[in-house]
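Participant: Got a structure here, written out as structure tokens. Questions coming.
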Amino acid sequence: MRWRGLWTISKPGVTAAVLLGLLACGVQENEPDAPDLMGILPSHLAGWTLEDSTVAYDRETIFDYINGAGEVYRSYAFSEVVVARYSAAERSDVLIELFDMGTEADAYGVFSYAREQEETGIGGGYEHKGDVLCFWQNRYYLCLVLDDPTLGTDTSLVEMATALSGLLPESSERPDLVGMLPDDGLLPNSARFFHLHQSLNYHYYLARDNLLNLGPGTDVVFARYEPGDVFLMIARYESDRTATEALASFKGGYMPEAGDADAFMTENGKFVASSQTGRHVVVVLDAESDQSATDLMRAAAEKISAPTH
């Protein structure tokens, strides 16, 4: 089947090793009081009628529905997805995928995973590409797909998504780590939120080994900066001690010749910088100079230390 939610998941840069790693290290759902997803979807929605073919998939059976991207959802606190079909006379059927991602942060995370653009006005944010519209709201991630685009319009999905949004809790707080990204030079829609080393390697192949000790208990925001090929990562650990251990592991494995220096030139002629602020580790990759790497790293450290954080 054609996977419609994470549009770039099957791009050539995703290796089998990365996907298998995500599967092996999936984040477990952390809220036992999971909502009734079936009960959220109404029998009638914006002029469409719910068909009798609604199916639910959990963390184990999601691969029966999604062969290629199930491991991506499992890298977050995903617990269940409900797949429903709505029909209307002389209009295209609409397939709705309603994911319970466990937390607001992880709902934003899976939305950000392959986002190319973002609009406001539905949920915490949405992306609309032709016959597909996806948005996140509260702990939920939803994708709506026109079954026959020749019978639908661009407004059809917006109408249905807006109606669905009204049935969900309004709160949609982005992870606070996203707010720690320095504004100067940040490329729009480039922020990604995740937890695992394998997710980092999807967005930027760092190393085969988990040098930064990332895992289910870590939160990571990763973004691109001008001129477009400079990357900043902020990882939050469970304690100052585990952050110190992670930074030592990264420096020893990725920049062993740097010594006590914060910035170091790598084999590609670009610069990497790393530092620790409390239980946060900041890493800058592929900067044009040691000064620009250090400046971006320090700007992130200042935002982390700001009173609001």
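Participant: Whenever you get a sec, line up S43, S249 from highest to lowest accessible area (probe 1.4 Å, protein heavy atoms).
Facilitator: Ranked from most to least accessible, the order is S43, S249.
Participant: Also, I was wondering about something else. Using only Cα positions of the chain, each an equal point scatterer, no hydration layer, compute I(q)/I(0) via Debye at q = 0.06, 0.10, 0.13, 0.15 Å⁻¹ and quote the log10 values to two decimals.
Facilitator: Debye output, listed in q order: -0.22, -0.58, -0.92, -1.16.
Participant: Can you tell me how much longer the chain between L50 and D147 gets when fully stretched, taken as 0.36 nm per residue apart minus their C-alpha distance, in nm with one decimal?
Facilitator: Stretched out fully, the L50 to D147 stretch lengthens by 33.5 nm.
Participant: Taking all protein chains as present, what is the carbon and sulfur share of the accessible area of the chain, in % to the nearest whole number, probe 1.4 Å?
Facilitator: Carbon with sulfur: 49 percent of the solvent-accessible area.
Participant: Need one number for segment 188-278: average projected area of the convex hull over its C-alpha atoms, nm².
Facilitator: Here the figure is 6.1 nm², rounded to one decimal.
Participant: For the chain, what is the calculated [θ] at 222 nm in deg cm²/dmol (nearest 500), taking -39500 (n - 2.57) for each run of four or more DSSP H residues and dividing by its residue count?
Facilitator: -7500 deg cm²/dmol
Participant: While we're looking at this one, here's another question. Once the other residues with Cβ under 12 Å from the Cβ of V82 are scored (Lys, Arg +1; Asp, Glu -1), what is the net sum?
Facilitator: That sum, taken over residues with Cβ under 12 Å, equals -4.
Participant: Can you give the accessible area per residue of the chain, in Å², using a 1.4 Å probe?
Facilitator: Averaged over the residues of the chain, the accessible area is 43 Å².
Participant: Also, I was wondering about something else. Using a Förster distance of 45 Å, how high is the FRET efficiency between T61 and T244, based on the Cβ-Cβ distance and rounded to 0.05?
Facilitator: Efficiency computed from Cβ-Cβ geometry: 0.65.
The values are calculated or read from the model by the stated rules, or taken from the named source; none is laboratory data. All figures in this text were calculated on a predicted structure; none of them were measured in a lab. Reconstructed Cβ throughout: ideal geometry from the backbone, glycine too, with neighbour counts over all protein chains shown. Accessible surface areas use protein heavy atoms only, side chains included; no ligands, DNA or RNA. Shrake-Rupley method; radii C 1.70, N 1.55, O 1.52, S 1.80 Å.
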